[in-house]
Amino acid sequence: MYADRLPTAVRQLLTDLLVVFWVYAWIRAALWAQDMVQKLGVPGQKMQEAGAGIAGNLADAGGKVGKVPLVGDELTAPFTRAAEAANGLAEAGRQQQEVVGNVALIVALLIVAVPLALVLFGWLPRRLQWMRRAGVAARVRDLPAGRDLLALRALAGRPLNQLAKLGPDIAQSWRNGDASAVDALAALELRELGLKTAGRGR
């Protein structure tokens, strides 16, 4: 997961820790925003509780009035209608809480979506690509033909200014099978990956 060379390994570790902290900070920000938005549902909660309480009281009162002989049914009707209205108020409060809850969730997702997308589609693929390349390079660097493969990879992938520092005829020397040129190119590729020139730590 990390390079052999200390400077590269430290840089990778610090970057990984920074990414983890960055994602954690955005998640905390999203949760905070969700809590703030959900506070807008408090009036709806109070409305629901008040409506349910009024409806219950009216229903109890209507039940008692309904026991009055002869006129009980007529006296109960207004209480029933008022209880239904109170239940409607309670339902409106419940719906308001539901809408606020959905909005709070959407806000939280929107806040955390962009940072996570940057990590998943920006940092993570590059990190995994390095791990794959470094893993292959570490496996082949001690093989008999490993130096040649690393040298070829360096010739194909390293910038021209880096190759030029190895000598003006580095490509021709590699084609001629010059061992020192092969070693220099292989070392360049390994160094760019943060790996040492041999698995034994040289």
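Bear in mind these aren't lab numbers, they're just calculated from the coordinates by the rules spelled out. All figures in this text were calculated on a predicted structure; none of them were measured in a lab. Methodologically, a virtual Cβ is constructed for each residue, glycine included, from the backbone with ideal geometry; neighbour enumeration extends over all protein chains shown.
A few remarks follow.
- Counted charge near Arg127, where neighbours are those whose Cβ lies closer than 13 Å (Asp, Glu -1; Lys, Arg +1): +3
- Packing-based exposure ordering (other Cβ within 10 Å, fewest first) of Leu150, Leu105, Leu195, Leu166: Leu105, Leu166, Leu195, Leu150
- The Cα center of the stretch 120-172 and the Cα center of the stretch 17-43 differ in position by 42 Å.
- Charge tally in the Cβ shell below 15 Å around Leu17, where Lys, Arg are +1 and Asp, Glu are -1, Leu17 excluded: +1
- The structure shown yields Rg and Dmax of the Cα atoms in Å, and of the options (1) 17.2, 59; (2) 16.1, 46; (3) 35.9, 118 that calculated value carries the label (3).
- Within straight-line reach of Lys39, meaning a Cα separation under 17 Å, sit the following aspartates and glutamates at least 8 residues removed in sequence or on another chain: Glu49, Glu98.
- Relative contact order %, the chain, counting alpha carbon pairs below 8 Å whose residues are six or more apart: 25 percent
- Between Leu128 and Val99, the contour length at 0.36 nm per residue exceeds the Cα-Cα span by 6.4 nm.
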